[in-house]
Amino acid sequence: MSAVSSAVSRPVERSGLPWLIIVAGSIIAMLTFGPRSAMGFFQLPMLAEKGWDRTTFGLAMAFQNLCWGLGQPFFGAIADKFGTWRVLALSGLVYAAGLILMAFADAPIWLHIGGGVLVGLGVASGSFGIVLSAFARNVAPEQRSLAFGIGTAAGSAGMFLFAPLSQGLISAYGWSDSLVYLGLLMLLVPLFAIPLRGNAASGRQSEALYKQTVSEALKEALGHKSYLLLVSGFFVCGYQVAFITAHFPAYIGDIGIDARYAVIALALIGFFNIIGSFSAGIIGQRYSKPYFLALIYLARSVAVSAFLLLPQTPTSVIVFAVVMGLLWLSTVPPTNGLVAIMFGTRHLGLLGGIVFLSHQIGSFLGVWMGGYLYDQFGSYDPVWWVGVALGIFAAIVHWPIEERAVARPALA
């Protein structure tokens, strides 16, 4: 038997996808990703009423992304051991509480706690990392990339649906009541989570688990070069997408384009994100995931550079939204797929969560720097160009990643 343990992915009889699990998890991804992707629409009406500056709102969204990242490994480890349903049920309750507290925030501290900390922890316990880990243990290894693409595309659908929904609610009921309504929607998450019950020892892949403690899994992963490169590269994804999510509506207004194009742009990003994410799942099954990721990051840098250097018009905003939508979350299926290939599914929630922590540290910086540098210089351009440089860096670090299982002693 070779040094690469067959325990990581012992052959499993191929069968159809577990559609109840896939559909339920996809609905959860849509619900949890939707409201946080629409936060940018709440910035200007909230600040106009409260008299706060953009740094205040940007800091709250930065806390949200940081708490999402910090919470992801812990909630992933809890789901691995105690079951996915428990963690997802907690997500719905915490997420709802955060949105409602944000709705009634009468001081920046409550905005930071509600829209920042609580919403961030709600997303951490109910987003891609938790859902995709449940998918991974219920499908055969050769089906994972496709399943990850479906789940990620569903999250993208949340962005597509919640952009116009949030703007419509704000126009009809005001920003505060709209946050309450979105919070109530999050109470559906525990119900849809029921089919995803079970932990890492359950599902089709339970017989193929390589037995490790959490500390052993962490030591193995943090000593693996390809994993560390993956962690460093995913930081860039967070920086780029979080900045656009939080600040693009305000940026559209700054360059003199009608605000309705911000709604159109984020909806288009969400729609083409569905196509890009699903396509990434299919491409990841057939071609090199590291090379594919490198090309995605390089394409993002080209797209942003062209958008900034060419005349900025409503048409260019739409074209930029379409291109960025195709590239938006297309990084998620191959990234999670690489973690599963390297280490198997036993601690996928934890190890995938650490990769995502890097993503959210990038998100924190992208959102916070967007508000801070705007207040300092009156322009978002410096943040855009930092994102271009980081995209080139990410392309470089993904290129040498090895798409294979970590070498382990063969099981007796």
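The values are calculated or read from the model by the stated rules, or taken from the named source; none is laboratory data. Here the structure is a predicted model, which means the values were calculated and not measured. Neighbour counts run over all protein chains shown; Cβ positions are idealised from the backbone, glycine included. Ligands, DNA and RNA are excluded from the accessible area calculation, which covers all protein heavy atoms including side chains. Shrake-Rupley method; radii C 1.70, N 1.55, O 1.52, S 1.80 Å.
So, for the chain, what is the accessible surface per residue at a probe of 1.4 Å, expressed in square angstrom?
Working: 15180 Å² over 412 residues.
Here the per-residue accessible area is 37 Å².
Converting phi to 3J(HN,Hα) with the Karplus coefficients 6.51, -1.76 and 1.60 and the offset θ = phi - 60°, the stretch 391-397 yields x, 5, 4, 5, 4, 5, 6 Hz in sequence order, with x at every glycine or proline.
Annotation note: chymotrypsin sites (Phe, Trp or Tyr not before Pro) in the stretch 204-302 located in DSSP loop regions with a Cβ neighbour count of at most 14 within 10 Å are Tyr287. Here the accessible area is traced with a 1.4 Å probe on the protein chains. For the stretch 228-289, carbon and sulfur cover 67 percent of it.
With runs of 4+ DSSP H residues as the only contributors, calculate the mean residue ellipticity of the chain at 222 nm using -39,500 (n - 2.57) per run, divided by the residue total and rounded to the nearest 500. Working shown, then result.
Details: 18 runs with 304 residues, N = 412.
It lands at -24500 deg cm²/dmol.
Tell me the chymotrypsin sites (Phe, Trp or Tyr not before Pro) within the stretch 71-160 that lie in a loop according to DSSP and have at most 14 other beta-carbon atoms within 10 Å. Loop-located and lightly packed - Phe104. Shown for the stretch 315-412: the carbon plus sulfur share of the solvent-accessible area, taken with all protein chains present and a 1.4 angstrom probe, equals 71%.
Let's see if you can work this out: charge +1 on each Lys and Arg Cβ, -1 on each Asp and Glu Cβ, no other charges. What is the dipole magnitude of the stretch 184-326 about its Cα centre, in debye to the nearest 20?
Working: 9 positive and 5 negative charges, 79 e Å.
The calculation lands at about 380 debye.
Once the trypsin sites (Lys or Arg not before Pro) in DSSP loops with at most 13 neighbouring Cβ atoms within 10 Å are cut out of the chain, the longest remaining piece is 15-210. Tell me the angle of helix 260-286 to the major Cα principal axis of the chain, expressed in degrees between 0 and 90 and rounded to the nearest ten. That helix lies at roughly 10 degrees to the long axis. Rg over Rh for the chain works out to 0.96, both radii taken from alpha-carbon positions and Rh defined as the Kirkwood radius.
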